[in-house]
Amino acid sequence: MRTGRPSNYPIKVKKLYFAQASYFLQPISYFLLLISGLLFQPVSAQNPAPAKPQTKPIALVGGTVHVGNGTVIDKGTVVFDKGILTAVGDASTTFDRNATEVIDVTGKHLYPGLIAMGATTGLVEISSVRATTDNQEIGALNPNVRALVAYNTDSEVIPTLRNNGLLLTQATPQGGTISGSSSVMELDGWNWEDAVLKKDDGLWLTWPPFFTREFNFEDFSVSLQRNSRRQEVINNLAQLFSDASAYSQIKNPSITNLKLEALRGLFSGNQNLYIRADNSKDIIEAVKFAKSHGVQKPVIVGAEDALRVVDFLKENNIPVVLGETHRLPNRQDEPVYQPYQLPSLLQKAGVTVALSYGEAYWRTRNLPFVAGTAAGFGNLDREEALKMITSTPAKILGVDKQVGTLEKGKLATLVVCKGDILDMRSNGIEHAFIRGRKTDLDDRHKRQYKKYNDKYEIGNK
């Protein structure tokens, strides 16, 4: 994660030495540049360029409109201009057909752009190559670290998400006890300044657990060990939050403390505090800790034991962002399908639930199928499952006035799908619009498919 070099960092440069070195290395540099240009000449292997701004009104007519709030409009009409939805309704919706580009989507389905919470997309490219990962900083307490400036819009992972309907992501830092702040990003743009929808929406805290899991490579078993440093970590957190709470009372401090300044939004309610906690006792203790220090908007992330403390979560109005749902139960006495049923059980109990795919950057593209699993195994209405990856995340992130549902006045960030977006058998994205910009749906997966399809002439057999 980029933090910049301190102003007092010692720099000693022998200008003459570097001038001489650059003189001799210049021809070599030009030669290497020429060779690399020849090797990587084919433009088709590159990511598609970001979409251009919308130039004329567009109307999508005849499709089934899934608004994202539970409402479904059969044979609906969606009109948008200059990146804003101007009309959403049934077939009787009127608009100027002469001045509008009309796209017939009869038999197709329209959805709001899906939102991936707690993801590292754009921060990690190849996890095994250190130079391509920028998702964490050294140290334990880093509230001043921002994922925003590390977000890489040129990531080849991003287009693969768009092809499953994901158009927004929460770029999330990792590592340490306080990882830093996340930001809500659109999955299209030349740079992070273009892609950002909401800067620094919240800070991420990994609550020190009572127990830690240790993996035995000899017999491949997992054992629970008591966390001996737990209280020490909590004491350090308590000191930091106490200092930050006092600091937040000063409107214009004469000396800015970057770490304490980064925590200011937690006490005013301008930012969420995302707390990674799975164990039931950890969830309760983390929420009580946050509230005792004046944090206005705590959010529990992961929450594998959320069902055991469902009453506590409901009473304290704590939103939950579930981690990876496609997993096995943590306890031997739990039903094998409980992780699949957990979203439905929490939602029916009155808890605000959003879905994520943990922090696995490339598997995030499977998020819509997580919602489909929750609907299938939890006896959950599919529109309710859809809300867990559209309108509910938007509300938690504080961007629900802009995205999350297809309603007049909101951003025209939506997708057109062949069938059910939650079903991998019929999920086929045909159009994707981000702020009204028609996004190119080419990606590395499609190029590889075409390459080997042509090689083995599969389509001709």
- Is there a residue being modelled with pLDDT under 95, under 17 Å from the mean Cα position of the chain (by Cα), small (G, A, S) and at negative phi anywhere in the range 99-117? no
- Could you tell me which residue of the range 197-230 is surrounded by the most Cβ atoms within 10 Å (Cβ to Cβ), considering only residues that are in contact (Cβ under 8 Å) with a residue 12 or more places away in the chain and among the polar types (S, T, N, Q)? T206
- Read through the list (1) modelled with pLDDT under 95; (2) on the phi > 0 side of the Ramachandran plot, then give the number of the only condition that N317 fails. (1)
- Considering residues of the range 76-100 that are open to solvent by less than 20 Å² (accessible area, probe 1.4 Å) and among the polar types (S, T, N, Q) only, the residue nearest to E407 (Cα to Cα): T77
- Message: Given the criteria of a type in the set (V, I, T), on the phi < 0 side of the Ramachandran plot and either touching a residue at least 60 places away in the same chain (Cβ under 8 Å) or open to solvent by 50 Å² or more (accessible area, probe 1.4 Å) (or both), does V233 qualify?
- Response: yes
- Message: Let me spell it out: the conditions are (1) farther than 18 Å from G62 by Cβ; (2) open to solvent by less than 50 Å² (accessible area, probe 1.4 Å); (3) not aliphatic (A, V, I, L, M), and Y456 meets all of them except one. Which number is the exception?
- Response: (2)
- Go over the candidates A140, A150 one by one and state the one that is of a type outside the set (S, T, N, Q), touching a Lys or Arg at 6+ places or on another chain (Cβ under 6 Å), surrounded by 13 or more Cβ atoms within 10 Å (Cβ to Cβ) and over 26 Å from D420 (Cα atoms). A150
- Is it fair to say D194 is touching a residue at least 60 places away in the same chain (Cβ under 8 Å), open to solvent by 20 Å² or more (accessible area, probe 1.4 Å), closer than 21 Å to P173 by Cβ and part of a strand (DSSP E or B)? no
- Item | In the range 305-344, the residues that are over 29 Å from S221 (Cβ atoms), outside any loop (DSSP other than H, G, I, E, B) and aliphatic (A, V, I, L, M) | V310, L313, V320, V321
- Query: How many residues does the range 420-461 hold that are closer than 13 Å to P159 by Cα and in a helix (DSSP H, G or I)?
  - Reply: 4
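The values are calculated or read from the model by the stated rules, or taken from the named source; none is laboratory data. Just so you know, these numbers come straight off a predicted model, no measurement behind them. Glycine gets a Cβ as well: all are built from the backbone with ideal geometry, and neighbour counts include every protein chain shown. Note: accessible area is taken over every heavy atom of the protein model, side chains too, but ligands, DNA and RNA are not part of it. Shrake-Rupley method; radii C 1.70, N 1.55, O 1.52, S 1.80 Å.
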